[in-house]
């Protein structure tokens, strides 16, 4: 039996980890890292630093992430295949590392419930598992805190989606929309003259970058900056809020 803890660790701020997360980490026998290559080495280093800072003695098991087709014919099917490959890889590794079972942890960027695949992967594992989830500070909350925003208008709704889905939203759904995982600068495709953007990359980390303004004014600058940051650091994780504001 594996007791699996899926622990949200926030978006890169060393002070943002919760007391619940620290308590949970200290009970682990093993922490699993998926190695996605040198480009994301600093994200793994941040996780290691958290473990060290909070006196976590668990063994760290690093596994090479299975390959994924980034331009598949069927996106949904490719993601399902990739998730199952991850689940199979982790199951095999756990059987070797902890053949009698134990407490296993995954340190999840942001919050495990919001655009993260760890819970799906753990549930797809063949091993008998009991799952415990520790919430973390999400990118949405980090963004609103950075700009001092209330997420919703008075009595208004909130839409959270990905860059891939943004253009398919009805205009009403885009009046107040948080966008994550946007690899195509989708805000440039949907903006009206009244579309205002609050954009942040590396939220809560030491190298946090923020921009805001009407998309017509700052959109191209943000797109160029995002490319520059990706080229410089090897990865960029950004989130933004689009809001219709009549000037």
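None of the figures in this text is laboratory data; all of them are computed from the coordinates on show. Computed from a predicted model, the values in this text were never measured in an experiment. In this analysis, Cβ positions are derived from the backbone assuming ideal geometry, glycine residues included, and neighbour counts consider all displayed protein chains.
Observations on the model:
- Efficiency of FRET from Cβ geometry, residue 68 and residue 19, R₀ 35 Å, rounded to 0.05: 0.50
- Rounded if a/c under 1.5, otherwise prolate or oblate - region 1-108, Cα gyration tensor axes: oblate
- Our summary of shape: the Cα atoms of region 87-191 have principal axis extents of 54, 26, 21 Å, ordered from largest down, in whole angstrom.
- The chain shape via C-alpha gyration tensor axes, a/c threshold 1.5: prolate
- Estimated FRET transfer efficiency (residue 189, residue 59; beta-carbon r; R0 45 Å; 0.05): 0.45
- Cα-based Kirkwood hydrodynamic radius, region 51-119, one decimal, Å: 14.3
- Residue 1-residue 75 FRET efficiency (beta carbon distance; Förster radius 35 Å; 0.05 resolution): 0.50
- Over the Cα atoms of region 139-244, the radius of gyration divided by the Kirkwood radius equals 0.94; this is the Rg/Rh ratio.
- MRE, 222 nm, helices only [DSSP H, n ≥ 4, -39500 (n - 2.57), over the chain, to nearest 500]: -10500 deg cm²/dmol
- Residue separation of residue 246 and residue 221 scaled by 0.36 nm, minus their Cα-Cα distance, works out to 6.9 nm of gained length.
- Cα centroid separation, region 89-139 to region 5-40 (Å): 11
- The chain, relative contact order in percent, only Cα pairs under 8 angstrom and at least six apart counted: 24
- At full extension, residue 170 and residue 207 could sit 9.9 nm farther apart than now, given 0.36 nm per residue minus the alpha carbon distance.
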